[in-house]
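J.: One structure, pasted below without further comment.
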Amino acid sequence: MTETRKEISCGAVIIRVNHGKLQVLVIRQKQGHWCFPKGHVEGSETEHETAAREIKEETGLDVRFLDGFRECTYYSPEPGVEKKVVYFLAEMSGGREKIQEEELLEMHWASVIDTEALLSYPNDAELFHKAIAFLHKEDPDGARWPL
C-alpha cells in the first residue's frame, strides 16, 4: 500500500478597479490552464506569507489581503498526491507586472464575466463565485468594488 503525499499551496484571487470596473487577475500556466496565482508553502511560512511570495514571484505584483476571506480547494494533481490550496482575496497594491516565464505563459486582467469564462477548472470557478459573493456582501452598493 502506497502512502498518500499531502501538499499545501497558498494563493489569491487578485482584484483591482480600473476605469470604474472591477478586474480580476488570471494566469495561464505552462500546461495551458487558466487559474489564480498560487504556490507551495516553504519552510515555516504562514499562509499569507506564502501567498504574497508566490504572487510576487509569478506576477511581479504586491498585494494587500482583504480581511475575512479564506477558502480552500482540494484536488489530486497526480495519483498518490492530495493537494490543498488555501486562497485569499487580495487587492493589487504595487509592483510591476512581470510573468515568471518558467511557470507561466501569460497573465491577464479580466472583467468579472471574462474571468468566469477563462477559468479552466470547476473548483476555481466555485472559488471565484465565493470571492464575488464576499465582495458583494462587504460592499452591497458597489461603491468600493463595482461589480
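The values are calculated or read from the model by the stated rules, or taken from the named source; none is laboratory data. Quick caveat: nothing in here was measured; it's all calculated off a predicted structure. Here the Cβ positions follow ideal geometry from the backbone for every residue, glycine too, while neighbour counts run over all protein chains shown. When the accessible area is computed, the model is the full protein with side chains, heavy atoms only, and any ligands, DNA or RNA have been set aside. Shrake-Rupley method; radii C 1.70, N 1.55, O 1.52, S 1.80 Å.
J.: Run the numbers for GLU116 and SER76: contour at 0.36 nm per residue of separation, minus the present Cα-Cα distance, in nm. List each step's numbers first, then the result.
T.: On the way: separation 40, 0.36 × 40 = 14.40 nm, distance 2.23 nm.
Extending this stretch completely gives an extra 12.2 nm.
J.: Also, quick follow-up: Charges at C-beta only: +1 for Lys and Arg, -1 for Asp and Glu. How large is the resulting dipole of the stretch 1-41 about its Cα centre, in Debye rounded to 20? If you can, show how the numbers build up before the last one.
T.: Values: 7 positive and 2 negative charges, 39 e Å.
I would put it at about 180 debye.
J.: Send over a whole-number figure in Å² for the accessible area per residue of the stretch 1-134, probe 1.4 Å.
T.: Details: 7310 Å² over 134 residues.
Normalised by residue count, the accessible surface of the stretch 1-134 is 55 Å².
J.: Work out the P(r) tail for the stretch 31-147: percent of alpha carbon pairs separated by more than 25 Å, whole number.
T.: Details: 1476 of 6786 pairs.
Of all Cα-Cα pairs in the stretch 31-147, 22 percent lie more than 25 Å apart.
J.: Here is a follow-up. So if we plug the beta-carbon distance of LEU147 and ARG96 into 1/(1 + (r/R0)^6) with R0 = 25 Å, what FRET efficiency do we get, rounded to 0.05? All intermediate terms of the calculation are to be shown ahead of the outcome.
T.: Values: r = 27 Å, r/R0 = 1.08.
Approximately 0.40, to the nearest 0.05.
J.: Taking the dipole about the Cα centre of the chain, with the C-beta of Lys and Arg at +1 and of Asp and Glu at -1, give me whichever of ALA125, THR73, HIS48 is farthest to the positive side.
T.: Of the listed residues, the answer is ALA125.
J.: Out of all DSSP beta bridges with both ends in the stretch 7-147, state the antiparallel percent to the nearest 5. Mind showing how you got there, number by number?
T.: Working: 26 of 35 bridges.
Looking only at bridges with both residues in the stretch 7-147, the antiparallel portion is about 75 percent.
J.: If you roll a 1.4 Å probe over the stretch 1-57 with all protein chains in place, what percent of the accessible area is carbon or sulfur? Numbers along the way, then the final one.
T.: On the way: 1530 of 3090 Å².
Summing carbon and sulfur atoms, their accessible area is 50 percent of the total for the stretch 1-57.
J.: Also: Could you give the size of the charge dipole of the chain about its Cα centre, using +1 on the Cβ of each K and R and -1 on the Cβ of each D and E, expressed in debye and rounded to the nearest 20? Can you show the working numbers first?
T.: Numbers: 18 positive and 27 negative charges, 49 e Å.
Using only the charged Cβ atoms, the result is roughly 240 debye.
J.: Between the helical axis of 122-138 and the dominant principal axis of the chain, each derived from Cα atoms, what acute angle in degrees is found, rounded to the nearest 10?
T.: Approximately 40 degrees, to the nearest 10.
J.: Past 27 Å, Cα to Cα: identify those pairs from LYS98/LYS137; LYS6/LYS98; LYS21/LYS98; LYS21/LYS137, in the order given. Numbers along the way, then the final one.
T.: Working: LYS98/LYS137 32 Å; LYS6/LYS98 30 Å; LYS21/LYS98 22 Å; LYS21/LYS137 17 Å.
Too far apart for the 27 Å limit: LYS98/LYS137; LYS6/LYS98.
J.: Turning to a different aspect of this structure: What nm distance separates the two modelled labels at HIS136 and HIS40, each placed 7 Å from Cα along Cα→Cβ?
T.: The modelled label-to-label distance comes out at 3.8 nm.
J.: Turning to a different aspect of this structure: How big is the stretch 15-74 by Rg and Dmax over its Cα atoms, in Å?
T.: 12.8, 40
J.: May I ask you to work out the translational diffusion coefficient for the stretch 46-104 at 25 °C, viscosity 0.890 mPa s, via Stokes-Einstein with Rh from the Kirkwood sum over Cα pairs, reported in whole µm²/s? Intermediate results must be reported in sequence, preceding the final value.
T.: Working: Rh = 12.8 Å.
D, rounded to a whole number, is 192 µm²/s.
J.: What longest region of the chain stays clear of trypsin sites (Lys or Arg not before Pro) that DSSP places outside H, G, I, E and B and that have at most 15 other Cβ atoms within 10 Å?
T.: 31-95
J.: What ³J(HN,Hα) values, in whole Hz, does the Karplus curve 6.51 cos²θ - 1.76 cosθ + 1.60 give for the stretch 104-115 when θ = phi - 60°, with x put for Gly and Pro?
T.: Result, ordered by residue: 10, 8, 6, 9, 8, 8, 10, 5, 4, 5, 5, 4 Hz.
J.: Rank TRP109, PHE36, VAL17 by how far each Cα sits towards the positive end of the charge dipole of the chain (+1 on Lys, Arg Cβ; -1 on Asp, Glu Cβ) and give me just the farthest.
T.: Value computed over the given set: VAL17.
J.: Follow-up. Output the 0 to 90 degree angle, nearest 10, between the alpha-carbon long axis of helix 47-59 and the longest principal axis computed from the alpha carbons of the chain.
T.: Between the helix axis and the principal axis of the chain, the angle is about 80 degrees.
J.: While we're here: With +1 on each Lys and Arg Cβ and -1 on each Asp and Glu Cβ, how big is the dipole of the stretch 93-147 about its Cα centre, in debye rounded to the nearest 20? Spell out each step's value before the answer.
T.: Working: 5 positive and 12 negative charges, 53 e Å.
Result for the stretch 93-147 is approximately 260 debye, rounded to the nearest 20.
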